[in-house]
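Contents: one structure, followed by commentary.
The values are calculated or read from the model by the stated rules, or taken from the named source; none is laboratory data. Computed from a predicted structure; not experimentally measured. Here Cβ is always computed from backbone atoms with ideal geometry, including for glycine, and neighbour counts include all displayed protein chains. Accessible surface is based on the protein model in full, side chains and every heavy atom, while ligands, DNA and RNA are left aside. Shrake-Rupley method; radii C 1.70, N 1.55, O 1.52, S 1.80 Å.
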Amino acid sequence: MNISTLNVAILNCIFFLIPLVTTAQNHVYHAYINLTETDFGKLPINLKRNGSPQQEIHFNFPKSIQGTYSYQNYNRFIELPKSDNIQSYTLNEDVFIIKSTQPIDRICYTVNQSWDKSPNVIFEPASTLFSKEVALLQWWAILPKILNENAKYIIHLEIENDKYITSSTPFTQLNDSVFVSDTLSYEQILDQSLLYSDQETVSFNLEESNLKIQIGSYSTLNKIHPYHLYKDIHETLSTISVYLPKEVFPITYSTLFYFNHKPYKSGKQGALEHKSGAVFTFPESKYEYLKDEIRKTIAHEFLHILNPLVISNTSLQNYDTQNPDIGQQLWFYEGLTEYLAVKLLWQSELISDEQFLEEILQKYNRSLWYDNTVPLSKLSEDVLSEYREQFGNFYNKGFLVSLSLDLFFYQNNSEFTIIELLHILLEKYPEGFEDDKLFSILEKESSVKGVNKFLKSIIQKNDDLPLEEFLFKIGIDFTPIHKIPKASLGNIGIAFKDEKVIVTDVSELDQFGKAIGYQKGDILFSLNNELLTTENFPSKVSEFQNESNSKDTIKIQILRNGKQIHTKAKALINYQEEKASIGLILEEKASFFLFKEHSILQQKD
Ligand SMILES: [Zn+2]
């Protein structure tokens, strides 16, 4: 189709045509999309039905798209045309119905962009954006699921000829500005996105697997370009792809990046995975500041093409976009993926030993932001409703659970790796596993005794993770957040002057301070009969704080206006929170590096 006929098709949406020709291509919908005409966030769609026209068509758009673990309700962005000839209405807000006494051969409607739209702002990698300068098309939000029909789709796309499109959707370019896609299944519609931007796509093939990679990007201030991203994406995907079975690779893996100098309205940044690519949203800053996060995120998204996009429980395998059932194992899909991304980058020297330890510590600290009283199995089951706000913990506590599981395997059967396990799951459970059988499957397939019991205790019973003990065995000294008892000196302000320790602030004395009766200007002369000097004060106080207990009576001698005052009071013990810490145990470095080498040998030999 050339440009002019494309324009005609979009401008004149004719609903009624007498079917002169019935082709063999039943139920193929030709979507005419003209990105040169999009404006004010609106995209008109002209969907021509090829095949026998019908008098009633039912269709809808997803409520939830896989990977978001939330509801988007894309129906709300659709505007149906008003016309005397046809009736169009929605049924329970779920289904659009177009009805006519005459045969209908096309559906015309407008899609409003979802980007930045309140309420319930959609996570931007799953959102649509239509402007003359940049467009992010998510086919599932633009092209409907036709109910009671096995519809196929052909997309006719027109763009400005100085712009570029990046998409894993297979297109044939007819001229500078017109593209026509292959015939697409609805499964492809649910899996593919397209970025329209003024930045030229960078494409390359991974040497090892011949997988074609595309990089498309849009940068609000034009600071970042696909060629900035090329080296890190190439290096990361070359590394990660070695660990994945080639049969899960798409023909083209398309990475679409949006860099924004303003904060994202969803409050989040990150990525959404598909089998044939991923969409990323990052802040726009100097590329150097972003590269570590980009590497980690792309490793994570690429690992998703296996888990959970191919191996998962049966309900995720047949993701119901109207009424999804997530099951109890979100830790396995998100936590394990996050852990493997970090671990494989570390083992391949793309992140340093220090960064690996720092990741563990950071995940631990971030897990404390969430409600850890609810078992992960329960959070997973209700992540779309009651526990929406807890979703982030799957990347943190889920990471730590996966690390613990990896160490459980490592300590019990040093021949076995988690990556191997994923390969086995792909081979043996291609149709998906039963959600509540995952733990016993992992035990059976790994032949490691106790896995089922271990995971049940952590995921379902919410028992504490044995992180300290497990990490110690691979030479890592990890101390979780803890409280230590400290005796109070009374909550006074102190200054050193002329080698004397002077009380400068008594405005917030605690119980102990009041019992001692400090006054401003007092000189601290002795503590438990030991003379205080400006030199020994820090060590004496620290000794006092750490060694006193609540039964002790504390004696303090004060000089006030030249007079010595002897005071005493019962010790007051406060509990002070100490931050978590992590580090290598010097004498155990060998076990740390043995663990690091472990699955590299397994995988690459
Ligand atoms: Zn993920």
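Over 32 Å between Cα atoms: which of Lys378/Lys579; Lys265/Lys596; Lys291/Lys579; Lys291/Lys483; Lys117/Lys246 fall into that group?
Numbers: Lys378/Lys579 28 Å; Lys265/Lys596 39 Å; Lys291/Lys579 28 Å; Lys291/Lys483 36 Å; Lys117/Lys246 39 Å.
Too far apart for the 32 Å limit: Lys265/Lys596; Lys291/Lys483; Lys117/Lys246.
Suppose the Debye formula is applied to equal point scatterers at every Cα of the range 201-303; what is log10 I(q)/I(0) at q = 0.20 Å⁻¹?
Those come out to -0.98, one per q.
Report, to the nearest whole %, how much of the accessible area of the range 135-181 belongs to carbon and sulfur atoms, 1.4 Å probe, protein only. Mind showing how you got there, number by number?
Numbers: 640 of 1610 Å².
It is 40 percent, rounded to a whole number.
Would you calculate the convex hull of the Cα atoms in the range 484-578 and tell me its volume per residue in Å³? Mind showing how you got there, number by number?
Values: hull volume 8.9 nm³, N = 95.
Taking only Cα atoms, the range 484-578 has a hull volume of 93 Å³ per residue.
Using only Cα atoms, figure out Rg for the range 1-198 and give it as a multiple of 2.2 N^0.38 Å.
Output field value: 0.98.
Can you compute the FRET efficiency between Asn161 and Asp182 using 1/(1 + (r/R0)^6), with r the Cβ-Cβ distance and R0 = 25 Å? Round to the nearest 0.05. Write down the numbers at each step before the final one.
Values: r = 22 Å, r/R0 = 0.89.
FRET efficiency, Asn161 to Asp182: 0.65.
Through the Karplus equation 6.51 cos²θ - 1.76 cosθ + 1.60, θ set to phi - 60°, convert the phi angles of the range 573-585 into ³J(HN,Hα) values in whole Hz; use x for Gly and Pro.
9, 9, 10, 9, 7, 9, 5, 5, 9, 8, x, 7, 8
Semi-axes, largest first, in whole Å: what does sqrt of 5 times each Cα gyration tensor eigenvalue give for the chain?
Working: eigenvalues 700, 168, 108 Å².
Here the semi-axes work out to 59, 29, 23 Å.
Express the accessible area of the range 1-198 per residue in Å², computed with a 1.4 Å probe while the remaining protein chains stay in the model.
Values: 8200 Å² over 198 residues.
Roughly 41 Å² per residue, with all protein chains present.
Helix by helix through the chain, keep the DSSP H runs that span 20 Å or more along the axis on Cα and average at least 0.0 on Kyte-Doolittle, and give those back in order.
On the way: long enough: 226-241 (21 Å, -0.49); 287-303 (24 Å, -0.68); 353-367 (21 Å, -1.34); 393-412 (27 Å, 0.23); 589-604 (23 Å, -0.29).
Qualifying helices: 393-412.
Under the 0.36 nm per residue contour assumption, what length would be gained going from the current alpha-carbon distance of Gln411 and Lys378 to full extension? Before the final figure, lay out each step's value.
Numbers: separation 33, 0.36 × 33 = 11.88 nm, distance 2.84 nm.
Value of the extension gain: 9.0 nm.
With only alpha-carbon pairs counted, each pair once and no self-pairs, how large is the Kirkwood hydrodynamic radius of the range 444-485 in angstroms? Show your work: numbers first, answer last.
Numbers: mean 1/r = 0.0809 Å⁻¹.
One over the average 1/r among Cα pairs gives 12.4 Å for the range 444-485.
Could you give the length gained by full extension between Lys555 and Ser440, i.e. 0.36 nm per residue of separation minus their alpha carbon distance, to one decimal place? Before the final figure, lay out each step's value.
Numbers: separation 115, 0.36 × 115 = 41.40 nm, distance 6.18 nm.
Gain in length upon complete extension: 35.2 nm.
Based on the Cβ-Cβ distance from Asp463 to Arg76, what FRET efficiency comes out when R0 is 41 Å, to the nearest 0.05?
Numbers: r = 42 Å, r/R0 = 1.03.
That gives a FRET efficiency of 0.45.
Ignoring ligands, DNA and RNA, what percent of the accessible area of the range 438-505 is carbon or sulfur (1.4 Å)?
On the way: 1710 of 3510 Å².
Exposed carbon and sulfur together represent 49 percent of the surface.
7 Å from Cα along Cα→Cβ at both Glu427 and Asp94: what's the point-to-point distance in nm?
Placing both labels 7 Å beyond Cα along the Cβ direction yields 4.2 nm.
Explain nothing, just compute: Karplus ³J(HN,Hα) = 6.51 cos²θ - 1.76 cosθ + 1.60, θ = phi - 60°, for every residue of the range 510-517 in order, whole Hz, x for Gly and Pro.
Calculated HN-Hα couplings, in order: 8, 3, 5, x, 5, 5, 6, x Hz.
Under 25 °C and 0.890 mPa s, how fast does the range 85-179 diffuse according to Stokes-Einstein, given a Kirkwood radius computed over C-alpha pairs? Answer in µm²/s, whole number. Show your work: numbers first, answer last.
Numbers: Rh = 16.2 Å.
Answer from the Stokes-Einstein relation: 152 µm²/s.
Set the bar at 20 Å for Cα to Cα. Now go through Lys48/Lys145; Lys231/Lys397; Lys48/Lys152 and name every pair that lies beyond it.
Details: Lys48/Lys145 14 Å; Lys231/Lys397 31 Å; Lys48/Lys152 12 Å.
The answer is Lys231/Lys397.
Provide the gained length on full extension for the span Arg366 to Asp325, in nm with one decimal, where the gain is 0.36 nm per separating residue minus the Cα-Cα distance. Mind dumping the intermediate values first?
Working: separation 41, 0.36 × 41 = 14.76 nm, distance 2.67 nm.
Net length gain for the segment: 12.1 nm.
Mind checking the dipole of the chain: about its Cα centre, +1 per Lys or Arg Cβ, -1 per Asp or Glu Cβ, Debye to the nearest 20?
On the way: 56 positive and 78 negative charges, 294 e Å.
Dipole of the chain, to the nearest 20 debye: 1420 debye.
Rounded to the nearest 0.05, what FRET efficiency is calculated for His261 and Ala580 with R0 set to 22 Å and r the Cβ-Cβ distance? Intermediate values should be presented prior to the final figure.
Working: r = 34 Å, r/R0 = 1.54.
For His261 and Ala580, the calculated efficiency is 0.05.
Near the amide H of Ile554, under 5 Å away, which other amide H atoms are found, from residues 5 or more places off or on another chain, if H is placed in the peptide plane?
For Ile554, whose amide H was placed from the backbone, the distant partners under 5 Å are Ala569, Lys570, Ala571.
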